[in-house]
Amino acid sequence: MKIEEKTQAIVNEFANFDDWMDKYNYLIELGKSLPLIEERHKTENNLIPGCQSRVWLHADFDGEIVHFTADSDAVITKGIANLLIRTFSDQRPQEILDSSANFLSEIGLTEHLSPTRSNGMLSMLKQIKMYALAFKAKQQMGQS
Amino acid sequence: MGNRDTVHFSTAGLADIEAIRADFPILRREVYGKPLVYFDNAATTQKPQVVIDALTGYYQTMNANVHRGVHLLSQEATSAFEKAREKLALFVNARSVREMVFTRGCTESINLVAATWGQQNLRPGDEILISALEHHSNIVPWQMLCEHSGARLIVCPLHADGSLNMEEFARLLNTHTRLVAISHISNSLGTINPVKEITRMAHKTGAKVLIDGAQALAHLVVDVQDMDCDFYTFSAHKIYGPMGIGGLYGKEELLLEMPPYQGGGEMIANVTFEHTSYNEPPFKFEAGTPNVAGALAFGVAIDYIQKLGIQNIAKRENQLLDYATQVLKSIPGVVIIGNAEHKASVISFLIDETHPYDAGTIIDHFGIAVRTGTHCTQPLMDSLGITGTIRASFAFYNTFAEIDLLAKAINKAKEMFL
Ligand SMILES: Cc1ncc(COP(=O)(O)O)c(C=O)c1O
C-alpha cells in the first residue's frame with residue numbers, strides 16, 4: 001500500500017470520533033497493540049532524545065524496504081508511534097523521504113506536533129526520515 | 001461549591017474569591033472549550049491586571065533610560081526603578097537597598113554568586129553542599145564552579161517523605177564546606193526546608209549560605225535578617241510579577257568584597273583605557289540597561305500581594321493543599337510523592353502505573369494545566385527511582401471546585417489507562 005493510501009485510511013478511521021476522549025481511547029488501544037520492539041533493540045542508541053517519555057525506534061533494511069519497530073513507556077506516545085510505523089514501515093527509503101506526516105494535524109493531533117510537547121513526536125518523525133536517508137545512501141552505494 | 005471557597009475567609013483580603021479571580025484576566029480564558037484551570041503556579045504564576053498595566057504604563061508614560069539623563073523622564077524612571085528596589089528590600093527585610101541586586105531572575109542570581117563570590121573564594125578541596133531536591137538552576141552553576149575551581153559538590157540526601165535528612169546534613173557539614181546552597185521550598189515536592197536552622201548550622205562551621213527562594217517568596221513571609229542567610233535568590237514571575245526580572249539579596253559586606261559579574265555601563269565608577277573602577281553595590285552587579293518596566297511591575301506585584309496579605313495567602317494555599325491531599329489520597333491508586341510535614345502548595349503524584357505523560361495528556365484535555373516530567377529536578381527523580389511525576393501547584397486564586405475537577409480528570413484517566 002502506498003503511504004498516501006495508508007494515511008488516508010488513518011484519517012478515515014479518526015473521522016469517526018467526535019470527541020477527544022474517543023480519540024484518545026483509540027490511541028490508547030493502538031498503543032497497547034503496537035507490535036513490540038525486540039527487547040535487544042531497546043538500547044540507548046535507539047532511544048529518541050528530548051522526549052518526556054522514553055521512546056525507542058528501531059529500523060531494519062533489507063536492501064529495498066525499511067521496517068520500523070518502536071516502543072515507549074507512555075501508552076499515548078506508543079499509540080502515536082503505532083500510527084507512524086503503520087504509515088512509514090515497509091516502504092522504500094525514497095517513498096519515506098517524499099512523504100509527510102501532515103495527516104496528524106488532519107486527525108486533530110496537532111497538539112502532539114508542537115515542539116513544546118516534548119513527547120518525541122517530531123523527533124520520532126525526524127529519526128524515521130534520517131533512517132530513510134541513511135538507507136537510501138546505502139542503496140545507492142550498493143548500486144554504484 | 002462556591003461556598004466552600006469563601007466560607008473559610010472572613011479575612012478581608014481573600015474573602016471574595018471571585019473578585020480576586022477577576023483581577024487575573026487570563027483566568028477568564030478557555031482551553032479546549034473549557035474554562036482554564038491553572039495548576040502550574042510553581043512554573044510561573046499568572047499576572048493581575050495591575051501588573052500588566054504597570055508594564056504597558058511604563059512604556060506609555062515614563063520610558064527613559066535610568067541613572068543616566070538629567071532630563072525629567074529619566075529622573076522619573078530612575079526614581080521609580082529605585083522605588084521598586086526599595087519595595088523589594090523591605091519585602092524580604094534586607095537592611096538596605098544596597099543589598100538588593102536586580103537580575104533576570106533566580107537562575108541568573110545563582111549564576112552571579114557562582115561567578116563572583118564563587119570564583120573568588122573557592123579552592124581545590126573546598127566543598128559546596130547542596131541537597132538532593134535542588135532545581136537544576138541550583139545544581140548546574142555549582143557544578144560549573146566546581147569544574148573551574150577544583151571544589152567538590154556534596155549532596156545531602158532526603159528522608160523517604162521528601163524532607164531533608166538533617167542528621168546527614170550535620171554530618172556532611174565540615175570545615176571544608178565553603179557554601180551551602182539549598183532551596184527554601186522544593187518545586188517538585190513542596191517540602192519547606194528548615195532554612196534558619198540550616199543557616200545557623202552552616203555558619204557555625206564557617207560556611208556561607210545561599211537560599212534559592214524561587215518557590216518561597218509567593219508562599220510565606222521571607223525575612224532574610226531573621227534567617228541570616230548570606231544570599232537569597234528569586235524570580236518575579238513566580239510571585240505574580242513579569243518574566244525577565246528577579247533579584248539577589250546579598251549581605252552588604254559580601255557584596256562589597258565580591259568582584260563584578262558582567263562589565264559594561266552602569267557598573268562602573270570611572271573608566272579609562274588603563275583602568276576602571278567599579279560602582280558600589282548593587283550597581284556594581286547591574287551592567288547595562290536593566291529591565292526597568294519589569295522592575296516597576298515587580299514592585300506592583302509586591303504591592304498587590306501585600307494588600308491581600310502574605311499570611312492570608314499562605315492560609316488559603318495551605319487549605320487548598322490540605323483539601324487536594326485529602327481528595328487525591330481518597331482515589332485508589334494515586335500515590336503522593338513528597339509527604340514532608342512542612343509543605344507548600346505543591347502536590348506531586350502518580351496514578352497507578354500510568355506514565356505521567358499519559359495522565360497529564362488526559363488531565364490537560366479537561367482544561368487543567370498541570371505539569372508532568374522531572375520539573376527540572378532530574379537527580380531528585382532518579383533518587384526516588386521514578387521518571388517523573390504529575391504536579392499540581394496552587395495559588396490563592398485557585399478554588400476547591402477546581403480541585404474537584406482535577407479528581408474527576410484523574411478518575412477518568414484511571415479508567416482510560418486501565
Ligand atoms: C526551586 C527553583 N529554583 C530555581 C528556579 C529557576 O527560576 P527561573 O527559571 O525563574 O530563573 C525555579 C524555577 O522553576 C525553581 O522552582
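Rounded to whole numbers, the Karplus 3J(HN,Hα) couplings from phi for segment B:304-321 are 4, 6, 5, 5, 5, x, 5, 5, 5, 4, 4, 5, 5, 5, 5, 5, 4, 5 Hz, using 6.51 cos²θ - 1.76 cosθ + 1.60 with θ = phi - 60°, and x at Gly and Pro. Within the listed set B:Gly33, B:Gly246, B:Gly333, the residue fluctuating most in the Gaussian network model of chain B (springs between alpha-carbon atoms under 10 angstrom) is B:Gly33. Considering amide H positions built from the backbone, and no H for Pro or chain starts, which residues 5 or more places from B:Leu179, or on another chain, come under 5 Å of its amide H? So B:Leu179 has HN proximity to B:Glu127, B:Leu129, B:Lys208.
Projected label points at A:Thr43 and B:Tyr323, each 7 Å from Cα along the beta carbon direction, are separated by 5.4 nanometres. Using the alpha-carbon atoms, what tilt in degrees (0 to 90, nearest 10) does helix B:356-365 show relative to the longest principal axis of chain B? The helix B:356-365 is inclined about 80 degrees to chain B. Among the residues of segment B:346-362, which ones have their accessible area go down by 10 Å² or more when all the protein chains sit together, as opposed to their chain alone (1.4 Å probe)? Checking the loss per residue gives B:His355, B:Tyr357, B:Asp358, B:Thr361, B:Ile362. Amide H contacts of A:Gln91: A:Val66, each under 5 Å away and 5 or more positions distant or on a separate chain (H built 1.01 Å from N in the peptide plane; Pro and chain starts excluded). Counting only alpha carbon atoms, the long axis of helix B:400-417 and the longest principal axis of chain B meet at about 70°. Annotation note: chymotrypsin sites (Phe, Trp or Tyr not before Pro) in segment B:202-309 located in DSSP loop regions with a Cβ neighbour count of at most 16 within 10 Å are B:Phe273.
Measuring from centroid to centroid over Cα atoms, what is the spacing of segment B:392-418 and segment A:1-64 in Å? Taking the Cα centre of each part, segment B:392-418 and segment A:1-64 sit 29 Å apart. Put simply, chains A and B cover up around 1500 Å² of each other's accessible surface, both sides summed, when a 1.4 Å probe is used.
The residues neighbouring B:His67, those whose beta-carbon lies less than 12 Å from its own, together hold a net charge of -1 under the Lys/Arg +1, Asp/Glu -1 convention.
Mean-square fluctuations from a GNM of chain B, with a 10 angstrom spring cutoff on Cα atoms, peak among B:Gly264, B:Gly373, B:Gly299 at B:Gly264. Residues of segment B:392-418 that lose at least 40 Å² of accessible area (1.4 Å probe, protein heavy atoms only) when the other protein chains are present, relative to their chain alone, are B:Met416, B:Phe417.
Heavy atoms of the protein chains alone define the surface here; on that basis the protein assembly as shown has 42 Å² accessible area per residue at 1.4 Å probe size. Remark: segment B:203-341 carries a charge dipole of roughly 600 debye about the Cα centre, counting +1 on each Lys and Arg Cβ and -1 on each Asp and Glu Cβ.
Taking a label point 7 Å from the Cα of B:Asp382 along the Cα→Cβ vector, which residues of segment B:318-358 have an amide N closer than 11 Å to it? What the label zone holds, given the 11 Å backbone N cut-off, is no residue at all. The orientation-averaged projected area of the convex hull spanned by the Cα atoms of the protein assembly as shown comes to 31.7 nm². On segment B:53-306, 53 percent of the accessible area sits on carbon and sulfur atoms, based on a 1.4 Å probe. Report the calculated FRET efficiency for A:Asp90 and B:Glu18 (r = Cβ-Cβ distance, R0 = 45 Å), to the nearest 0.05. The calculated FRET efficiency here is 0.20. Comparing the full protein assembly with the isolated chain, the residues of segment A:44-82 losing at least 20 square angstrom of accessible surface (1.4 Å probe) are A:Gln52, A:Asp73, A:Ala74, A:Val75, A:Ile76. Building the convex hull from the alpha-carbon atoms of segment B:43-86 and averaging its projection over directions returns 3.9 nm². Over what distance in Å are the Cα centres of segment B:324-372 and segment A:89-107 separated? If we compute the Cα centre of each part, the gap is 37 Å.
The 3J(HN,Hα) values that the Karplus relation (6.51, -1.76, 1.60; θ = phi - 60°) gives for segment A:53-65 are, in residue order, 9, 7, 10, 10, 10, 10, 10, 10, 10, 9, x, 9, 10 Hz. Gly and Pro appear as x. Run the reach check for A:Lys2 against aspartates and glutamates, Cα to Cα strictly under 13 Å, same-chain hits fewer than 8 apart removed. What comes back? Straight-distance partners of A:Lys2: A:Asp90, A:Glu95, A:Asp98. Inter-chain neighbour count for A:21-33: the average number of beta-carbon atoms from partner chains within 10 Å of each residue's beta-carbon is 2.
Computed from backbone phi with θ = phi - 60° and the Karplus coefficients 6.51, -1.76 and 1.60, the 3J(HN,Hα) list for segment B:292-299 is 5, 4, x, 5, 4, 5, 4, x Hz; x is used for glycine and proline. Close amide H pairs (under 5 Å, H built 1.01 Å from N) link B:Thr103 with B:Gly246, B:Gly247, B:Leu248, residues at least 5 positions away or on another chain.
Beyond 31 Å in Cα-Cα separation lie the following of the pairs B:Lys343/B:Lys414; B:Lys208/B:Lys307; B:Lys87/B:Lys408; A:Lys6/A:Lys136; A:Lys126/B:Lys408: B:Lys208/B:Lys307; B:Lys87/B:Lys408; A:Lys126/B:Lys408. Cα-based values for chain B, radius of gyration first and Dmax second, are 22.0, 72 Å.
When the charge dipole of segment B:244-327 is built from unit charges on Cβ atoms (+1 for Lys and Arg, -1 for Asp and Glu) and taken about the Cα centre, the candidate among B:Tyr249, B:Pro260, B:Phe283 whose Cα reaches farthest toward its positive end is B:Tyr249.
Considering only B:Ala151, B:Asn93, A:Met121, and ranking their Cα positions along the charge dipole of the protein assembly as shown that arises from unit charges at the beta-carbon of Lys, Arg, Asp and Glu, the one farthest toward the positive end is B:Asn93. Each label was represented as a point 7 Å from its Cα along the Cα-to-Cβ direction; for B:Val271 and A:Asn12 these points are 7.0 nm apart. Using a Gaussian network model of chain B in which every pair of alpha carbons under 10 angstrom is joined by a spring, one finds that among B:Ile245, B:Ile268, B:Ile185 the greatest mean-square fluctuation is at B:Ile268. Taking the protein heavy atoms of segment A:3-139 in the context of the full set of protein chains, the accessible area attributed to carbon and sulfur is 50 percent at 1.4 Å.
Pairing the Cα long axis of helix B:49-61 with the longest principal axis of chain B, what angle in degrees results, from 0 to 90 and rounded to the nearest 10? Helix B:49-61 sits roughly 40 degrees off the main axis of chain B.
With only Lys, Arg, Asp and Glu charged, each at its Cβ (+1 for the first two, -1 for the last two), find how big the charge dipole of the protein assembly as shown is about the Cα centre; round to the nearest 20 debye. Walk me through the numbers on the way to the answer.
Working: 49 positive and 64 negative charges, 85 e Å.
Computed charge dipole of the protein assembly as shown: roughly 400 debye.
The values are calculated or read from the model by the stated rules, or taken from the named source; none is laboratory data. Everything numeric in this text was worked out from a predicted model, so none of it was measured. Reconstructed Cβ throughout: ideal geometry from the backbone, glycine too, with neighbour counts over all protein chains shown. Accessible surface is based on the protein model in full, side chains and every heavy atom, while ligands, DNA and RNA are left aside. Shrake-Rupley method; radii C 1.70, N 1.55, O 1.52, S 1.80 Å.
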